[in-house]
Amino acid sequence: MKIRGIAQAIAEAIRQEMERNDRIVVLGEDVTYWGAVFGFTMGLFDKFGRKRVIDTPITEQTFMGIGVGAASAGLHPVISLMFVDFLGAGFDQMFNHMAKNYYMSGGQYPMPVTIITAIGGGYGDSSQHSQVLYSLFAHLPGFKVVVPSTPYDAKGLTIRALRDNNPVVIFGHKLLTGLPFLPFEGIEEEVPDEPYEVEFGKAAIRREGSDLTIISAGLMVHRSLKASELLEKDGISVEVIDLRTLVPLDEETIVKSAKKTGRVLIVDEDYMSYGMTGEIAFRIQAKALRDIKVPIARLAVPDVPIPFSEPLENAVIPSVNSIYNEAKKLLTIKE
């Protein structure tokens, strides 16, 4: 079937796994009639009812704690964290219990929890509703971190998450959801009707090239692909890598591409400092330093809150033009 955007694909994956596994339950804010606002749970309440699709009060600490307890008791909760910006309200349950209990119990208590959260700006929602923040989860041992960019990946990665005994956080960019009240920068594509898994820790090469490697995730994959089309008109061949998951990270694919092209640009919508761009840059130089022709370049949100002002927001979030310009700059550096 054809699916436009990642929201429907994620909801379809949850539906199929709920049919297969009666231990899966869905909870969070507005997961019933509103489909978790961004569509990740749409249609589930009509099919499975209130016993398995449960609206919660606006109290992240409480429903994250419910998720920890439910997982310890043998269920697989799917928890909607409406905006990733709200993680602070459930920080203790997520970071001190959900991420650690499987390890601290010596494997006695698996923690099969799937958190689905909306990320990103680009539509004027200001500082408290426009962040990405996946690097916080990637930094802490215990979480698997998933960032789908296409409907096919969104369904397959979600099904993989729902079959995992560890806590998995799925970060869905709002501008990739395909919902009518938001700008859309994703794709519509054919997605198999039957359930399937997309492997964690396996990046996708979205475009092959020889002059430059661009590494990104989520929305930035699509903007990088558009920038690479512009660069092609200038005679520059760009390889675009979609990470798919930050934890586990497909180090082999990114290092291989870096060695192949010798020039690397890492593009991220998260903040620059102590984030994904720095981590990947270090891993590449640690294994491919002799093959890198020029210093690795990074493009990310500068260390400022996301502005409400449209011109300012556009200035801080990497755009097609800023990716194009950074890539061109990288190509002008002499070896």
Using +1 on the beta carbon of Lys and Arg, -1 on that of Asp and Glu, and nothing else charged, what's the dipole of the stretch 234-327 about the Cα centre, debye to 20? 640 debye
Hey, any idea what % of the chain's accessible area is carbon plus sulfur with a 1.4 Å probe? 53 percent
Extend 7 Å from the Cα of SER210 along its Cα-to-C-beta direction; within the stretch 227-246, residues with backbone N under 18 Å of that point are 229, 231-240
About the Cα centre of the stretch 147-303, how large is the charge dipole given +1 on each Lys and Arg Cβ and -1 on each Asp and Glu Cβ? Please answer in debye to the nearest 20. 600 debye
So, for the stretch 230-335, what is the accessible surface per residue at a probe of 1.4 Å, expressed in square angstrom? 50 Å²
Report for the chain the percent antiparallel among DSSP-assigned beta bridges with both residues inside it, nearest 5. 20 percent
Give the residues of the stretch 171-199 whose amide nitrogen is closer than 18 Å to a point set 7 Å from the Cα of GLU310 in the direction of its Cβ. 175, 181-185
Is there a quick way to get the dipole size of the chain? I mean about its Cα centre, with the Cβ of Lys and Arg at +1 and of Asp and Glu at -1; what is the value in debye to the nearest 20? 700 debye
Using a 1.4 Å probe and ignoring any ligands, DNA or RNA, find the accessible area of PHE282 and quote it in Å² to the nearest 10. 120 Å²
Sorted by accessible surface (1.4 Å probe, heavy atoms of the protein chains only), largest first, MET104, MET276 come out as MET104, MET276
Only Cα pairs under 8 Å and at least 6 apart count here; give the relative contact order of the stretch 239-305 as a rounded whole percent. 39 percent
Could you report the stretch 30-146's accessible area per residue, 1.4 Å probe, as an integer in Å²? 42 Å²
From the phi angles alone, apply the Karplus equation (6.51, -1.76, 1.60; θ = phi - 60°) to the stretch 25-32 and give each ³J(HN,Hα) in whole Hz, x where the residue is Gly or Pro. 10, 10, 8, x, 7, 6, 7, 8
Cα centroid separation, the stretch 36-101 to the stretch 148-197 (Å): 18 Å
Result for the stretch 157-225: accessible area per residue, probe 1.4 angstrom, in square angstrom, of 35 Å²
Can you compute the equivalent ellipsoid semi-axes for the chain, i.e. the square root of 5 times each eigenvalue of the Cα gyration tensor, sorted largest first and rounded to whole Å? 34, 21, 19
Positive end of the charge dipole of the chain (Lys, Arg +1 and Asp, Glu -1 on Cβ, about the Cα centre): tell me which of MET94, ILE280, ALA315 has its Cα farthest that way. ILE280
Assuming a ≥ b ≥ c are the square roots of the Cα gyration tensor eigenvalues, decide whether the stretch 1-134 counts as rounded (a/c under 1.5), prolate (otherwise, with a/b larger than b/c) or oblate. oblate
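The values are calculated or read from the model by the stated rules, or taken from the named source; none is laboratory data. This one's a predicted model, so the numbers in the text were calculated from it and none came from an experiment. FYI the Cβ positions are ideal-geometry reconstructions off the backbone, even for glycines, and counts take in every protein chain you see. Each accessible area value is taken on the protein alone, full model and side chains, heavy atoms only, with ligands, DNA and RNA left out. Shrake-Rupley method; radii C 1.70, N 1.55, O 1.52, S 1.80 Å.
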